[in-house]
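> Sharing a structure here in C-alpha cells format.
Bear in mind these aren't lab numbers, they're just calculated from the coordinates by the rules spelled out. Small disclaimer: the values here were computed from a predicted structure and weren't measured. Counting neighbours? That spans all protein chains shown, and the Cβs are built from the backbone with ideal geometry, glycine included.
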Amino acid sequence: MPEKTIESVSHEDRVFEPPPEFAKGAVIASRDQYESLYRHSIDDPEGFWREQAQAFHWFEPPKRILTWEPPFAKWFEGGTTNLAYNCLDRHLDGPLRNKAALIWEGEPGDQRVLTYYQLWREVCRFSNALAGLGIEPGDRVGIYMGMVPEAVIAMLACARIGAVHSVVFGGFASDAVRDRMNDASAKAVITQDGTWRRGSVVPLKEQVDRAVAECPSVEHVIVLRRTHNDITMTDGRDHDWHELVKDQKPVHQAPALDSEHPLFILYTSGSTGKPKGVLHTTAGYMVGTALTSKYVFDLRASDTYWCTADVGWITGHSYIVYGPLANGASAVIYEGAPNAPDPGRFWSIVERHGVTVFYTAPTAVRAFVKWGDEWVNKHDVSSLRLLGTVGEPINPEAWMWYRSVVGQDRCPIVDTYWQTETGSIILTPLPAALPTKPGSCSMPFFGISAKVLREDGSEAEPNEGGLLVVDKPWPSMLRTVWGDDERYKQQYFSRFEGKYFTGDSARRDTDGFFWVMGRIDDVVNVSGHRLGTAEIESSLVSHADVAEAAVVGIPDPLTGQALVAFVTLKGGVQHSAGLADTLKGHVGDDIGKFARPKSIRFADALPKTRSGKIMRRLLRDVAAGKEAHGDMTTLEDMSVLSALSGEDE
Ligand code: WT7
C-alpha cells in the first residue's frame, strides 16, 4: 500500500434519507433518476449537454458541443446567445412577466420589489446608458457596489451588451480596487456613494476616487446615490446614475454573442501574491449555473429563494443573479449585516417574505449557533423547505443545528462544493434524490468527473484521503486566468497533467460520498499522521461549549508538527484552563491521542477572509509567535488589522 497522501479521521455516520413528501413534484425525484442522468452525462457528455442546452434561447444553435485542447476548453462553439436575454427577455411572454424577480430589503428596512418586466426595463435603460458612454463588447467594466438592485442591473447590463464585468466586493479598500481595475484595464467603474453596514455608511465612492487616480484606463465612473453622504464628483469622468439613465429608452435589442464571448472576470486570491482574474465565458457558464440552480435547489416557480452571499463573490454571481434569474425564480436580496439591528434579522426576512429556499455559509451557521436558538425561534420560519451551505466544510455539529433549529428536522440540507473557478456547483446532494450526511457534499453533479487521487496520480481507495481533481472539462469551468494562460496551466493543470486540481483534499466513502477535508495547504503532519485540519475542528465543534474552532500546526521537535487550536465559545460559556483540558481530552477520545491539540487558545473571534473563511495562514503565524506574547488580544488586533489592510487571505 503506497504512503497515504492524507489520513481521514472522521467517523461521522449519521444518514438522512430525503423526506418522501419532498420528492412530490421535485425536479429530480429519485436516486434512480439521478444515477441514470449522471451515467448519461459521463458516458456521452456531448449528447447530454446538447440536450440540456435546448432549455435556453439561442440566436444561433451551437454547432459543436466541446473542443478540448487541454487545458483549454471551448463549449457550444458556433452558437450565439445572450445571458441577460435568457435571464429576462425570455420570461416576458408568459406568466413570469409580472412575477417578482428581485425582492430587496435595505439594511435600514426599506424594501423594493422588481418584477421581471421592471427589471428588464431597468437593464435595458442601463445598457443604453453604457453603450452611450462608448462601452463596447469586450470592454471591461468594474462594479464596486453594495447589495442594491442596481448592482444586479449593472451586471446584467454588462452581460447584455457584451461588456466584461469585474465585480469587486464592497468590503475591499481602494488598493484592491486599483489593482483589479488595472489588471483588467477597465474602461469604466460603477459604484455608489456608500453602502449601509451595521448602521454606518461604508463610503465606496471615496475608495473609488483614490483607486481611479491610479487607473489610467478608467474613463468613466458611474455613481448611484444610496446613502447620501458627501461625495466629490469629477467633471467629465463621473456620472450620476439617475441622471444618466433618466432619458434612456427602456428597450434594448440584446445582441447575439458568441458562446465563448468573455462574460466576467472575478478575482480570487491565491496562496501567493497577486490575485488571479478568473475568466468565465457566456454559454457554458449560463448552462452550468442555470442547471445547478434548478436541480440542486429544486427551484420551481412557486419558490422564494434567498442566497445570503454578496454579489462580490462567485456565489453571488452564480446563485443570486444568473442561475436563479435564468430559472425565473424570485430572489431575495438583503443589503446589510446579519445582526442589524439584532441577530434575528435573517429570520425576520425569511418570515416577512416567506422564503422557501435558503442558502448560506458555514461561517454564518456557526455565528447563528453562537448567538443562540432564541433568535431563530422568535420568528416563523416554517415557509422554509430547503437549506443549503457553501464555502467551507461544514462541521457536522453545525449541520445538525442548522437541520434541527432552522430546518425544524424537516428541510433537507444541500452542502454544495464548488469554487470561483468551477463557476457552478460540482459536488452536491440533490435534495429529493440522494440521502444527506452531516459534513459530506455528497455526489458529483451531472457531467462532473470527480476523483480523489494519491500524490502519484493513482486513485485512492474508499475512505483514503487524497487530492480532489476533476479529470474532464465541464461547461462552466474557468477558461483561463485573465491575461495569464501560463498561470492558468501552472495553477490548475500541472499537478496532474490535463486534469483540473482543486487544491483541496478529500476522501470518498464506501457509498461514493465525497468529504472535503480542506485546502491542501492546511494539512498538518503530526507524528507521521497527515491530517486535514477540518476534521479536528469538527471534533472540537462537536463539544457542547464550542461555537467555532481553527486548528493549525506549529513546528515541534518531537512530533514534527504540533496542533494549536483556536476556539470561540458559545454565548455565556467562560473559558478556563479546565475547559482547555476537557477539550483536549474530547479530541483525544473522539479521534485519537495523536490528534490532541498541544494547546488551546480561546478567542472572542477568529480572523476570517472577507468571504468568511478562517485565515489559518494568519493563525499559523500567531500560533508560532504566541509563546512570546501571552494573551489573545493580538488575535483580535490581527483581525482588525487584516480587515483594514484589505488582504483577503
Ligand atoms: C474553496 C473555494 C464557491 C463558493 C464560495 C467559495 C471551499 C467551498 C465547500 C464545501 C467544503 C468548500 C474549498 C474550495 N469550499 N464549498 N461545500 N465543502 N469546502 O468560493 O472562494 O472560490 O473558495 O472553498 O476549499 O476550494 P471560493
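> Fewest first, what order do Glu497, Glu105 take by the number of other Cβ atoms within 10 Å? Provide the component values of the computation, followed by the final result.
On the way: Glu497 9, Glu105 22.
Listed from fewest to most nearby Cβ atoms, that is Glu497, Glu105.
> On a C-alpha basis, how far is the centre of the range 286-350 from the centre of the range 463-536 in Å? Whole number, if you could?
First find each Cα centre; the distance between them is then 27 Å.
> In Å, what is the Rg of the alpha-carbon atoms in the range 344-497, and how long is Dmax?
18.3, 54
> Considering the range 127-184, what Rg and Dmax in Å follow from its alpha-carbon atoms?
Here Rg and the maximum Cα pair distance are 11.4, 30 Å.
> Another one. Compute the convex hull volume of the Cα atoms of the range 86-255, divide it by the residue count, and report the result per residue in Å³ as a whole number. Don't skip to the answer; put the middle values down first.
Values: hull volume 18.1 nm³, N = 170.
About 107 Å³ per residue, rounded to a whole number.
> Further question on the same structure: For the residue pair Ala577 and Glu455, what label-to-label distance in nm results when each label sits 7 Å from Cα along the Cα-to-beta-carbon direction?
4.0
> If you take the beta carbon distance between Arg617 and Ser185 as r and set R0 to 45 Å, what does 1/(1 + (r/R0)^6) give as a FRET efficiency, to the nearest 0.05? Could you put the intermediate results ahead of the total?
Values: r = 30 Å, r/R0 = 0.67.
That pair, Arg617 with Ser185, gives E of 0.90.
> Could you compute Rg(Cα) / (2.2 N^0.38 Å) for the range 155-287, with N its residue count? Please list the in-between numbers first.
Working: Rg = 15.8 Å, N = 133, 2.2 N^0.38 = 14.1 Å.
Normalised Cα radius of gyration, the range 155-287: 1.12.
> Given H placed on each backbone N at 1.01 Å, which residues far from Phe602 in sequence or on other chains put an amide H within less than 5 Å of it?
For Phe602, the qualifying residues are Val567.
> Determine which lysines satisfy two conditions relative to Lys294: a Cα distance under 30 Å, and not lying fewer than 8 residues away in the same chain.
Those lysines meeting the cut-off are Lys24, Lys63, Lys74, Lys99, Lys276, Lys437, Lys451, Lys472, Lys499, Lys613.
> Where does each of Val405, Val201 land when they are ranked from fewest to most other beta-carbon atoms within 10 angstrom?
Least crowded to most crowded, the residues run Val201, Val405.
> Show that you can apply the helix-only estimate: for the chain, add -39,500 (n - 2.57) for every DSSP H stretch of four or more residues, divide by all residues, and state [θ] at 222 nm to the nearest 500.
Numbers: 20 runs with 193 residues, N = 649.
Rounded to the nearest 500, the figure is -8500 deg cm²/dmol.
> So, one more: May I ask you to give the average projected area over all directions of the convex hull of the Cα atoms of the range 193-248, in nm² rounded to one decimal? All intermediate terms of the calculation are to be shown ahead of the outcome.
On the way: hull surface 17.8 nm².
Mean projected area for the range 193-248: 4.4 nm², to one decimal.
> Any idea what angle helix 116-132 forms with the longest principal axis of the chain, computed on alpha-carbon atoms, 0 to 90 degrees, nearest 10?
Computed tilt is about 70 degrees.
> Measuring from centroid to centroid over Cα atoms, what is the spacing of the range 413-462 and the range 233-271 in Å?
After rounding, the separation between the Cα centres reads 34 Å.
> Using 10 Å bins from zero, what percent of all Cα-Cα pairs in the range 46-106 falls into each bin?
Using 10 Å bins, I get a P(r) of 19, 37, 26, 15, 4 for the range 46-106.
> Got a sec? How would Ile554, Ile426 order by Cβ neighbour count within 10 Å, fewest to most?
Values: Ile554 20, Ile426 29.
So the ranking, lowest neighbour count to highest, is Ile554, Ile426.
> Still on this model: For the pair Leu92 and Asp521, what calculated FRET efficiency results from E = 1/(1 + (r/R0)^6), where r is the Cβ-Cβ distance and R0 = 51 Å, to the nearest 0.05? Could you put the intermediate results ahead of the total?
Values: r = 47 Å, r/R0 = 0.93.
After rounding to 0.05, the efficiency reads 0.60.
> Give me the Å³ per residue figure for the convex hull around the C-alpha atoms of the range 1-145.
Working: hull volume 46.2 nm³, N = 145.
In the range 1-145, the Cα hull volume divided by residue count equals 318 Å³.
> How large are Rg and Dmax for the range 429-516 when only the alpha carbon atoms are used, in Å?
Computed over the Cα atoms of the range 429-516, radius of gyration and Dmax are 14.1, 42 Å.
> Right, another one. With both bridge residues required to lie in the range 14-171, what share of the DSSP beta bridges run antiparallel, to the nearest 5%? Don't jump to the answer; show the numbers that get you there.
Numbers: 11 of 15 bridges.
Beta bridges within the range 14-171, antiparallel portion: roughly 75 percent.
> Let me ask you something else. Considering only DSSP beta bridges with both partners in the chain, what is the antiparallel share in %, to the nearest 5? Could the numbers behind the result be given before it?
On the way: 60 of 100 bridges.
Rounded to the nearest five, the antiparallel share is 60 percent.
> If you don't mind, there's one more thing I want to ask. Three principal axis extents, largest first, for the C-alpha atoms of the range 454-493, in Å?
39, 21, 12
> How big is the gap, in Å, between the Cα center of the range 61-128 and the Cα center of the range 11-44?
28
> Roughly speaking, what % of Cα-Cα pairs in the chain are separated by over 45 Å, rounded to a whole number? Kindly include the intermediate steps, with their values, before the conclusion.
Working: 30859 of 210276 pairs.
When all Cα pairs of the chain are counted, 15 percent exceed 45 Å.
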